[in-house]
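Worksheet: one structure, shown below.
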Amino acid sequence: MDKRQVEHLFRQCYKSMYATAYGLLYDEQEAKDVVSSIFVDLLGKDLLLKDETCEQYLLTVTRHRCLNIIRGKSNRQRIARLYAMDFREKEDNMEDEKLNLLSDFARTHLTKEEQTIFSLRFIDGLPYKDICSKLDISRIAVWKHIRHIVDILKSQFAV
C-alpha cells in the first residue's frame, strides 16, 4: 500500500482500532503501539483492501495482535494488572463515599454560606479567587470560612 492509502485508512479507522485495543489491553500506550505497528506493517505490504471490508479487517488484525500480547504475558503480569485496576476502582469508590458523607454532614451542620463555599471549593474544585468573584466576598473571608469548615470536619471525622 502506498503512503496516501495508509494515511486515509489511519484517519478512517484509528479511533475504532484504538478503542478495541484499549478494551483488550487496558493500557493506553500499549494500545497506541499496537495500532501504530499495524499501520507501519501496512506500508510494507502489497495489500488490496476493499472499502466495505477494510475496517473490519483492521479491527480483526487489532484484536489478534492484542490477544498475542496478552498470551505473551505471564499470569503474574495479568493478575497484577487486573489487581491494580480493581484497586484503583475501589479507591475511587471510597473517595466518592467519603465525599458524599462529608457533603451530607455539610448540609446539616454548616451555614448556607459555608455550604455554598464547601460545594464550590471541595465539590467543584474552584480556586479561592473564583469563589471570591462568584460570591462577591473577599479572599480573606473565603479563607476564614474554609478554615472553619475544615476545622469542623476534622473534629467530626478526624480527616
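Using 1/(1 + (r/R0)^6) with R0 = 35 angstrom and r between the beta carbons of GLN77 and LEU49, what's the FRET efficiency to the nearest 0.05? With a Förster radius of 35 Å, E is 0.55.
Computed on protein heavy atoms with a 1.4 Å probe, the accessible areas place LEU43, LEU49, LEU24 in the order LEU43, LEU24, LEU49, largest first. Taking 0.36 nm per residue of separation and subtracting the Cα-Cα distance, full extension of the segment from PHE157 to LYS134 would add 5.4 nm.
Of the options (i) 2, 8, 14, 14, 14, 13, 10, 8, 6, 4, 4, 3, 2, 1, 0; (ii) 1, 8, 13, 12, 9, 7, 6, 7, 9, 9, 8, 6, 4, 1, 0; (iii) 2, 10, 20, 24, 22, 14, 6, 2, 0, only one is P(r) over Cα pairs in 5 Å bins from 0, in percent as computed from these coordinates, and that is (ii). What net charge do the residues around VAL34 carry, taking every other residue with its C-beta under 13 Å from that of VAL34, with Lys and Arg at +1 and Asp and Glu at -1? Once all neighbours under 13 Å are counted, the net charge is -2. Distance from the Cα centroid of the stretch 135-155 to that of the stretch 13-70 is 52 Å (rounded to whole angstrom). Taking every C-alpha pair closer than 8 Å and separated by at least 6 residues, the mean separation divided by the residue count of the chain gives a relative contact order of 17 percent.
The mean accessible area for residues of the chain, using a 1.4 Å probe and ignoring ligands and nucleic acids, is 71 Å² per residue.
Shown in residue order for the stretch 115-123 are the 3J(HN,Hα) couplings computed by the Karplus curve 6.51 cos²θ - 1.76 cosθ + 1.60 at θ = phi - 60°: 4, 4, 5, 4, 4, 5, 7, 9, 8 Hz (x for Gly and Pro). Whole-Hz Karplus values for the stretch 145-151 come out as 4, 5, 4, 5, 4, 4, 4 Hz, taken residue by residue from phi with 6.51 cos²θ - 1.76 cosθ + 1.60 and θ = phi - 60°; glycine and proline positions read x. Accessible surface ranking for LEU126, LEU101, 1.4 angstrom probe, highest first: LEU101, LEU126. Considering only TYR18, TYR26, TYR128, the mean-square fluctuation computed in a Gaussian network model of the chain, springs between alpha carbons under 10 angstrom, is largest for TYR128.
The values are calculated or read from the model by the stated rules, or taken from the named source; none is laboratory data. A quick note: this is a predicted structure, and the numbers were derived from the prediction, not measured. Glycine gets a Cβ as well: all are built from the backbone with ideal geometry, and neighbour counts include every protein chain shown. Accessible surface is based on the protein model in full, side chains and every heavy atom, while ligands, DNA and RNA are left aside. Shrake-Rupley method; radii C 1.70, N 1.55, O 1.52, S 1.80 Å.
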